[in-house]
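Here the structure comes first, spelled out in structure tokens, and everything after it is commentary.
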Amino acid sequence: MSWRVLRLEGVGKDFDRADGGVAQVLRDVTLTVERGSFFTLLGPSGCGKSTLLNIVAGFEGATTGGVSLDDTPVTGPGTDRTVIFQDVSNALFPWMNARENVEFGPKMARLGARARQELSEKYLRLVGLDADGGKFPFELSGGMKQRIQIARALANDPDILLMDEPFAALDAITKKHLQVEFRKIWNETGKTIFYITHDIFEALLLSTHLAVMTAGPEAGIKEIFQIDLKEPRSPSNPDFAALYSRVESLIDEEVQRMRAR
Amino acid sequence: MNPRKLLLRTLSAACALGLWWLSSGTLFNPILVPPPHKVAVNLWEMTAEGEILFHAWASLRRVIVGYAFGSVLGILTGVAVARIRIAEDMLEPPLQFVRNITPVAIIPLAVNAFGLEEPSKYFVIIYSTIIPVVFNTAAGVASTPQIRVRAAMCLGAGRWEIFARVVLPSAWPFILTGLRVALGFAFMGVVAAEMIAAESGVGYLIMQSRNMLLPEQMFSGLFLLGLIGLVTDRAFQFTIGRLMRRYMLQTAAFD
């Protein structure tokens, strides 16, 4: 499917509260994500980032507004958008080994055994696990499982990867390696990335575009940055440091505002 | 098995037999509670005459038929309760009510409704089997992680594929637990039914031996019951370990 932009227009989301009232989680979120970009949504926890991602994925409908690829509205989950979940133990199929997990999408697409094998080999190699295809998820570390999930998503050849804090549950060292590697993978595959994080450093390291969210409830977009830092990106670069403190102060403002309420 | 474990197990079996031997003739009337060596002789004779095999097969045959029907029916009902709103609303209340009625209590009804022949035994076994299978299946199906289903949706799985390739495999550990419990229940059900109304089977053997004042034979029946239960449970475990191993791996992933 050829499209140019992923559009979120006036997206709002209400949830029914237990006490019978209505909680407005998101309010009037308008964003444009260009094809091929690495778009990151950054915000304090509980601001509705994941809800927004679920709406883009088509798992949940928006109460107001909508999501579209160019002019085609998103009405449900589809193979053009694949989600990478943080809770990888539950996201993977534990009764399938790594290769079978990666081949799940191609199997659903009715590809033959040969074509599936080529895809799983290609993407297991891309994530550096070509020797571990026969292992089951319980035999793999958290970082390796997350690599499998990335390979599984890529083998399905989606246009957009929707990533819900994919590295947040990993230890610092694994996380750093995966961030660097994932940026390379993004470069090589040219996928559009819609990425969610609460980690400013990660956002600046990876993204081409960064949207900072306001604190919930009624969360929206506070500010959008285009990031043109010198490559390879490094926190010791003065521009990186300056942008970091700028974004940090925006987040702090929101946290303060949330506390004051 | 290491030598220490083997020694302890032999010792515990010897202690049990020793206590039995000592109590027969002291604590209990030796005519009503015979010592173990007399039972062993009887067991040997009954085996040689083919009587053991006859009754064991009679019970086993009933269990195979009833358990097979009960399992399939239980899995289907459990899936329906967990996945279909109407089925849940209509079946949940009667099931919650009926689960409190033990299989033994249902036997008189089974005899009234299905007579003294095989159908009443099948009914009791199906009834014993279906309850644990339904509730375990429903729990397993309902506890499939939501993100696993969502992941499959993103990967292009349709409704049926999500059920067959994601929900059912996720539920297998629960379903298999239910099936294992149900196997034990099936034997309890059949033995009770045979005690009340039957002309063959281990339950019949035990009850009839007591009525005819053949206590050695009664003990042989009890021994047979323990043996059949142990063997079938082990066989069940072995088969699951072979055929369903990959579905049991996830219990390790729920850390």
Seminar exercise, completed: Every listed condition ((1) in contact (Cβ under 8 Å) with a residue 40 or more places away in the chain; (2) under 20 Å from the mean Cα position of the chain (by Cα); (3) within 14 Å of chain A (Cβ to nearest Cβ)) holds for B:GLY201 save (3)
For this session: Select, from A:VAL83, A:VAL127, A:VAL88, A:VAL102, the only residue that is hydrophobic (A, V, I, L, M, F, W, C) and more than 11 Å from chain B (Cβ to nearest Cβ).
Result: A:VAL127
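What residue, of B:PHE223, B:PHE187, is surrounded by fewer than 21 Cβ atoms within 10 Å (Cβ to Cβ) and of a type in the set (Phe, Trp, Tyr)? Steps first, answer last, please.
Numbers: B:PHE187 fails: surrounded by fewer than 21 Cβ atoms within 10 Å (Cβ to Cβ).
Within the list B:PHE223, B:PHE187, the selection yields B:PHE223.
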Exercise. If B:TYR67 satisfies every condition in (1) open to solvent by less than 80 Å² (accessible area, probe 1.4 Å); (2) closer than 22 Å to B:ARG210 by Cβ; (3) modelled with pLDDT of 95 or more but one, which is the exception?
Worked result: (2)
For this session: Output the residues belonging to region B:85-104 that are open to solvent by 80 Å² or more (accessible area, probe 1.4 Å) and either part of a helix (DSSP H, G or I) or within 11 Å of B:PHE135 (Cβ to Cβ) (or both).
Result: B:ARG85, B:ILE86, B:ASP89, B:MET90, B:PHE97, B:ARG99, B:VAL104
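Go through the residues of region A:206-214 one by one and say whether even a single one is in a helix (DSSP H, G or I), open to solvent by less than 10 Å² (accessible area, probe 1.4 Å), among the small types (Gly, Ala, Ser) and closer than 19 Å to A:LYS49 by Cβ.
Just the residues of region A:206-214 that are in a helix (DSSP H, G or I), to begin with: A:206.
Retained after the next criterion (residues that are open to solvent by less than 10 Å² (accessible area, probe 1.4 Å)): A:206.
Next, from what is left, pick out any that are among the small types (Gly, Ala, Ser): none.
No: zero hits.
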Exercise. Restricting attention to region B:137-159, does a residue exist that is among the polar types (S, T, N, Q), under 30 Å from A:GLY105 (Cα atoms), buried (at least 17 other Cβ atoms within 10 Å of the Cβ) and touching a Gly at 6+ places or on another chain (Cβ under 6 Å)?
Worked result: yes
For this session: Would you check which residues across region B:40-62 are of a type in the set (Gly, Ala, Ser) and open to solvent by less than 40 Å² (accessible area, probe 1.4 Å) and list them?
Result: B:GLY50, B:ALA56, B:ALA58, B:SER59
Seminar exercise, completed: region B:140-255: helices (runs of 4 or more DSSP H) wholly inside it with 2 or more residues that are of a type in the set (Phe, Trp, Tyr) and farther than 20 Å from B:SER128 by Cβ are B:215-243
Problem set entry | Residue tally, condition modelled with pLDDT under 95 and closer than 22 Å to A:SER2 by Cα, over region A:54-66 | 1
Exercise. Restricted to region A:133-164, and to residues that are within 10 Å of chain B (Cβ to nearest Cβ) and of a type in the set (Asp, Glu), which residue is nearest to A:GLU202 (Cα to Cα)?
Worked result: A:ASP164
Problem set entry | Subset of region A:68-80 that is more than 17 Å from the chain's Cα centre (by Cα) and acidic (Asp, Glu) - its residue that is farthest from the other protein chains (Cβ to nearest Cβ) | A:ASP71
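Here's the yes/no breakdown for (1) within 30 Å of B:ILE228 (Cβ to Cβ); (2) touching a strand residue (DSSP E or B) at 6+ places or on another chain (Cβ under 7 Å); (3) among the aromatic types (Phe, Trp, Tyr); (4) within 14 Å of another protein chain (Cβ to nearest Cβ):
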| site | (1), (2), (3), (4) |
| --- | --- |
| B:ALA105 | yes, no, no, no |
| B:PRO108 | yes, no, no, no |
| B:ALA113 | yes, no, no, no |
| B:PRO132 | yes, no, no, no |
| B:GLN146 | no, no, no, yes |
| B:ARG165 | no, no, no, yes |
| B:PRO173 | yes, no, no, yes |
| B:LEU176 | yes, no, no, yes |
| B:LEU179 | yes, no, no, no |
Exercise. Free of Cβ contacts under 8 Å to residues at least 60 places away in the same chain and under 19 Å from the mean Cα position of the chain (by Cα) - does that describe any residue in region B:147-159?
Worked result: no
For this session: Output the number of residues of region A:234-261 satisfying the condition of being more than 22 Å from A:LEU31 (Cα to Cα) and open to solvent by less than 30 Å² (accessible area, probe 1.4 Å).
Result: 2
Seminar exercise, completed: Residue count, region B:198-220, condition touching a helix residue (DSSP H, G or I) at 6+ places or on another chain (Cβ under 7 Å), under 20 Å from B:ALA186 (Cα atoms) and open to solvent by 40 Å² or more (accessible area, probe 1.4 Å), comes to 2
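The values are calculated or read from the model by the stated rules, or taken from the named source; none is laboratory data. This structure is a prediction, so every number in the text was calculated from the model and none was measured. Neighbour counts are summed over all protein chains in view; Cβ atoms, including those assigned to glycine, are modelled from backbone coordinates with ideal geometry. Side chains are part of the model used for accessible areas, which takes the heavy atoms of the whole protein and leaves out ligands, DNA and RNA. Shrake-Rupley method; radii C 1.70, N 1.55, O 1.52, S 1.80 Å.
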